[in-house]
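The values are calculated or read from the model by the stated rules, or taken from the named source; none is laboratory data. On a predicted model such as this, the values are computed, not experimentally measured, just so you know. Here Cβ is always computed from backbone atoms with ideal geometry, including for glycine, and neighbour counts include all displayed protein chains.
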Amino acid sequence: MIDKLNEPQREAVTLPAQHALVLAGAGSGKTRVLTTRMAWLIQTGQVSPLGILAVTFTNKAAREMVARVSSILPIDTRGLWIGTFHGLCNRMLRAHHRDAGLPQAFQILDTADQLAAIKRLLKANGIDDEKYPARDVQRFINGAKEDGLRPGDVEAHDSFRRRLIEIYTLYEKQCQREGVVDFPELLLRAYELLARNEPIRSHYQRRFRHVLVDEFQDTNTLQYKWLTLLAGGGASLFAVGDDDQSIYAFRGANVGNMADFERDYARGTVIRLEQNYRSFGHILDSANALISHNNGRLGKNLWTEQGEGEQIRVVEQPTDLLEAQWLVDEVRGLISDGRDRSQIAVLYRSNAQSRVIEHALFSSGIAYKVYGGLRFFERQEVKHALAYLRLMANADDDTSWMRIVNFPPRGIGARTLELLGDQARAYDTSLSSAVARVPGKGGSNLAQFATMIQRLAAETRELPLPEMVEHVIDQSGLIAHYQQDREGADRIENLKELVTAAAAFVSEANLDGLPAGVALQAPATGEFMGTEPGEGESSVASDALRVGFDGLSPLMAFLSHAALEAGDNQAQAGQDAVQLMTVHAAKGLEFDAVFITGIEEGLFPHENSILEQAGLEEERRLMYVAITRARERLYFSLAQSRMLHGQTRYAMRSRFLSEIPDEHLKWLTPKQGLSDSEPRWKSGGGSFDPYARNPKSSVVSAAPRSVTSGVTVGAQQFRVGQGVRHARFGEGTIIGLAGSGIDAQAQIQFREVGAKTLALGVAKLDIIQS
DNA sequence: TCCAGGCCCGTTTTT
DNA sequence: CGGGCCTGGA
């Protein structure tokens with residue numbers, strides 16, 4: 001098990017029971033260490049599988065961990081507490097719902113549901129949504145929760161914030177009444193449960209002897225508190241992470257947790273995994289050089305035994321279109337060299353960049369796959385179907401009610417819903433309970449809808465889950481509705497896919513054939529997890545330790561699953577395709593060949609980040625992540641101008657480029673900023689090839705100075721040698737001209753920012769001397 | 001109730 | 001430029 005590990009890996013895996021921080025560089029075998037440690041702890045008899053808790057951020061990572069542990073050691077993985085923060089907290093809250101003050105069948109709101117709930121709240125309370133936009137309110141509430149703060153804990157500096165706190169209070173009341181819980185609430189509730197309930201806390205503290213955390217640099221304040229509380233009874237906290245790959249500060253991650261953890265818990269037990277098994281030397285050294293510009297790092301230097309490999313190929317193009325065109329040509333070359341398309345990744349800083357690249361790939365018929373976008377359970381029609389199911393399980397779920405009360409349309413308009421809302425508010429009940437008090441036609445339509453939901457629930461209660469789902473998508477009228485829609489075919493397809501998903505879930509969870517609407521009395525899996533051998537079985541234990549879904553119906557279990565795991569990104573599935581994604585989405589992945597595009601100031605680093613040091617350093621880490629995705633070949637590309645927000649913007653090279661030593665870079669276009677020789681530059685001196693000479697010599701000596709050729713664009717006449725002024729780049733001299741009319745381009749040597757190639761039809765230039 | 005057209009805005013994202 | 005959202009008119 002451990003003999004194939006390198007020295008630091010083995011040290012980490014076989015560390016005695018104590019707190020430890022493992023600084024695991026990119027490609028250094030992080031997951032391997034984590035899973036081997038679990039297997040080693042179990043195999044050496046130091047802990048039973050029941051005494052381990054392992055936390056990750058994504059379901060994918062959790063699944064992989066389970067798979068790898070069970071491949072090392074044949075154990076029953078159902079007994080393992082391996083999962084995401086949210087998944088594990090959900091499990092605890094279901095088991096202790098009474099102590100947590102929740103109905104057992106509480107529903108989980110995803111981000112979109114939460115936003116809808118907040119909008120409804122703002123409207124119901126007549127809150128000015130100009131001053132308090134739902135998005136901002138959501139950010140405020142989630143931010144507070146992620147810091148572990150309830151409304152009473154948030155400091156109210158001014159009246160604006162006081163109002164936000166009031167809204168937060170109202171929102172909590174609404175969620176409580178509806179029996180719903182948002183994502184950060186899952187964590188906060190679970191934390192408070194442990195913090196306030198001594199028997200439950202000490203039960204879990206005694207049970208989990210080893211707590212292991214993946215991607216520790218991404219934890220937020222609340223997650224850190226939850227972990228240290230859980231491990232507070234003498235358990236060992238084994239945290240694995242890489243501060244240089246912390247790229248999620250914008251959603252609450254606190255890199256500082258790593259340093260805090262080292263100081264307060266690990267106390268010098270820090271193991272560095274620095275040998276990289278992924279990339280060649282030039283790539284690693286570039287990454288090391290770049291990241292060394294950050295301050296306050298825990299410190300780490302990647303190395304490899306693989307040799308130098310190739311330099312990074314750098315290309316600068318005049319426009320984003322040409323950048324994409326060049327990329328397509330290069331990708332085509334890689335493919336004809338026999339590389340798998342799926343081993344080629346095109347990375348970008350922001351999603352907006354993908355359009356031009358997709359267009360170019362599409363036009364040239366290269367198969368590609370874009371990551372990101374809507375996932376299965378987030379699709380409109382799937383959410384509609386789930387809303388029916390949720391309402392059947394919990395009639396008080398107003399968010400689901402509002403989503404489908406008039407979908408498909410059944411003559412329930414805004415006026416009726418307003419009346420219904422008034423009644424619900426007046427009596428402080430759910431919308432569903434207020435139906436009887438709405439008079440007239442609207443009232444009877446509402447009653448009909450409410451009856452339909454009840455009828456659906458009654459009719460399907462005893463059916464297996466997949467049949468229940470099938471019945472609902474049919475009887476609700478969803479299928480019929482989309483059949484009338486010209487573009488509804490895909491949606492119907494997805495609704496049918498939901499039935500398949502339910503079937504897969506049921507078989508995975510061992511719930512085959514059970515009545516979907518009936519709470520499971522016996523442990524669903526037939527397993528009783530028990531406590532550590534020899535420990536007594538308190539009432540807490542017997543309540544908490546059943547695996548899975550005791551007390552929940554298969555339907556409820558499925559709904560939780562749908563909320564906690566939004567499913568695949570549904571990037572066009574199938575064949576071998578070039579991989580397109582943001583740098584964020586690429587974290588954790590690796591490819592033989594990687595293109596990092598748009599390496600320009602303002603884009604990467606992004607303009608919104610460069611004003612603050614913390615922001616800039618996160619951008620640098622992002623670049624570090626991007627570079628370390630590549631195994632063999634890495635490309636940097638940038639465009640001097642690109643279309644953004646409907647207008648052409650000019651950019652300078654990213655500062656990150658200059659933070660990487662020249663020896664690692666191989667410029668495919670001239671380093672000094674001349675564009676590609678295509679089209680050929682007019683110059684007075686006959687043939688001039690900017691590449692043929694010494695590409696590293698300064699522009700001034702390499703550029704032609706002749707004044708014999710000129711170009712006319714609109715009313716302006718340009719010629720080489722002319723002085724011009726640009727609004728952004730300042731003053732400069734034209735050193736080359738190409739093309740004619742609106743396609744004309746000029747190379748200009750600017751005094752401040754160096755050489756640029758500008759499209760004369762687009763750039764606004766003043767001629768300052770002839 | 002529904003749709004069209006105007007308007008605003010524009011990093012990164014998992015659960 | 002393009003997408004999402006809201007509003008106003010039929």
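Couple of notes before you dig in:
- Checked against the criteria, residue A:138 counts as surrounded by 15 or more Cβ atoms within 10 Å (Cβ to Cβ), in a helix (DSSP H, G or I) and on the phi < 0 side of the Ramachandran plot.
- Residues (over 30 Å from residue A:640 (Cβ atoms), not polar (S, T, N, Q) and not in a helix (DSSP H, G or I)) located in segment A:281-325: A:296, A:297, A:298, A:299, A:300, A:302, A:303, A:305, A:307, A:308
- For segment A:325-359, a residue qualifies if it is without any contact (Cβ under 8 Å) to a residue 40 or more places away in the chain and within 24 Å of residue A:651 (Cβ to Cβ), and the qualifying residues are A:325, A:328, A:329, A:355, A:359.
- Residue in segment A:374-384 that is in contact with a Gly (Cβ under 9 Å, 6 or more places away or on another chain), more than 26 Å from residue A:501 (Cβ to Cβ) and among the aromatic types (Phe, Trp, Tyr) present: no
- Only one of A:147, A:99, A:110, A:158 that is modelled with pLDDT of 95 or more and either away from DNA strand B (no atom under 15 Å from the Cβ) or within 30 Å of residue A:208 (Cβ to Cβ) (or both): A:99
- Entirely in segment A:351-436, the helices (runs of 4 or more DSSP H) that have 1 or more residues that are of a type in the set (Phe, Trp, Tyr) and at pLDDT below 90: none
- Where a residue in segment A:396-408 is closer than 16 Å to residue A:124 by Cβ and in contact (Cβ under 8 Å) with a residue 60 or more places away in the chain and its partner, wherever it lies, is part of a loop (DSSP other than H, G, I, E, B) and away from DNA strand C (no atom under 15 Å from the Cβ), with Cβ under 8 Å and at least six apart: A:396/A:179; A:396/A:430; A:397/A:179; A:397/A:430; A:398/A:430
- Out of A:172, A:178, one residue alone is modelled with pLDDT of 95 or more, more than 16 Å from DNA strand C (Cβ to nearest atom) and under 29 Å from the mean Cα position of the chain (by Cα). It is A:172.
- Residue count for segment A:259-280 under the criterion of being without any contact (Cβ under 8 Å) to a residue 60 or more places away in the chain and part of a strand (DSSP E or B): the result is 0.
- Selected residue (criterion: modelled with the highest pLDDT) from residues of segment A:120-133 that are over 21 Å from residue A:422 (Cβ atoms) and within 12 Å of DNA strand C (Cβ to nearest atom): A:133
- Residues in segment A:190-215 that are of a type in the set (D, E, K, R) and surrounded by fewer than 22 Cβ atoms within 10 Å (Cβ to Cβ): A:192, A:196, A:198, A:201, A:206, A:209.
- Scanning segment A:13-36 for residues that are in a helix (DSSP H, G or I) and closer than 9 Å to residue A:273 by Cα gives a single hit, A:30.
- The residues of segment A:348-357 that are under 13 Å from residue A:326 (Cα atoms) and either of a type in the set (Gly, Ala, Ser) or within 13 Å of DNA strand C (Cβ to nearest atom) (or both) amount to a single one, A:356.
- If you go through segment A:392-418 and pick out every residue that is within 18 Å of residue A:479 (Cβ to Cβ) and over 29 Å from the mean Cα position of the chain (by Cα), you end up with 6.
- The residue that is surrounded by the most Cβ atoms within 10 Å (Cβ to Cβ), counting only those in segment A:484-517 that are at pLDDT below 90 and over 34 Å from the mean Cα position of the chain (by Cα), is A:513.
- Filtering segment A:638-676 to residues that are within 16 Å of DNA strand B (Cβ to nearest atom) and closer than 22 Å to residue A:289 by Cα leaves A:654, A:655, A:656.
- Residue within segment A:80-89 that is modelled with pLDDT under 90, crowded, with 18+ Cβ neighbours inside 10 Å and farther than 23 Å from residue A:384 by Cα present: yes
- If the condition is being away from DNA strand B (no atom under 16 Å from the Cβ), touching a Ser or Thr at 6+ places or on another chain (Cβ under 7 Å) and not β-branched (Val, Ile, Thr), then segment A:615-637 contributes A:630, A:631, A:637.
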